[in-house]
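A quick write-up on the structure given underneath.
The values are calculated or read from the model by the stated rules, or taken from the named source; none is laboratory data. Every value quoted in this text rests on a predicted model; they were computed, and no experiment measured them. In this analysis, Cβ positions are derived from the backbone assuming ideal geometry, glycine residues included, and neighbour counts consider all displayed protein chains. Accessible surface areas use protein heavy atoms only, side chains included; no ligands, DNA or RNA. Shrake-Rupley method; radii C 1.70, N 1.55, O 1.52, S 1.80 Å.
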Amino acid sequence: MDLDEFLSENGIPLNVEEILPVGKSQDAPSSPNTNKIIHPSPCSSPTPKTPSDVDPIEQMKGQGINPVGLSPSSSPQREPSPVTVPVDFAVSPTDVALATIPGQEEFDPRRRTFTEDELKPQPMIKKSRKVFVPAEMKDDKYWERRKKNNYAAKRSRDARRVKENQIAIRASYLEKENNALKDELGCFKKEVVSLKKIIANYEKKLQMLTDKTK
């Protein structure tokens, strides 16, 4: 049995034209409707932002990173320790200026405390890939956006640097305070040992007097 006989027995048309309706061709293009207005779909994805459109501070917040030092006045302060010990610690005016936020109270390493969140290691921020912008697209809006982003990035770097200086000075002070507390604790331990010996001698004398009275 050849191919033509097989097709005719199974009712399959031999020509492709028999499958298509009369007057229509498979390759005939549909006539476009010139009066139809195509609106953008609400589900369409937004235009991706270039690196110059992204605010560095907003990018840090989007990655779950708290811009360090941006709002130190709002950070919760722990209660200072009631135990005080004299510490020989002096900070140069230059270091104090580098650790003080402009417009706020002068930084004092003896009173400034940090929360656990502030002392957590900060992850490295991956810089976004630079996108070449043609000269004809650098209009006033572009330069205004660049100026705003540069200012935000500088503000974030300065705030991070101030916070790092504060932590460094505070850590230096705490090391000296810790050494002073250890020395004071050693003196207290010696005093306790001496007092225990005095009490033990009095207890022996008291026991001897009690035995004599009996």
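Worth a mention:
- Taken together, the residues in region 86-125 that are open to solvent by 70 Å² or more (accessible area, probe 1.4 Å) and over 21 Å from ASP158 (Cβ atoms) amount to 6.
- Failed item, numbered, when THR47 is tested on (1) modelled with pLDDT under 50; (2) open to solvent by less than 70 Å² (accessible area, probe 1.4 Å); (3) farther than 18 Å from ALA168 by Cα: (2)
- The selection criterion, being of a type in the set (S, T, N, Q), within 20 Å of the chain's Cα centre (by Cα) and either under 22 Å from PHE89 (Cβ atoms) or surrounded by fewer than 12 Cβ atoms within 10 Å (Cβ to Cβ) (or both), does not hold for THR210.
- Flag for ASN149 being over 30 Å from VAL91 (Cβ atoms), open to solvent by less than 70 Å² (accessible area, probe 1.4 Å) and either part of a helix (DSSP H, G or I) or without any contact (Cβ under 8 Å) to a residue 60 or more places away in the chain (or both): yes
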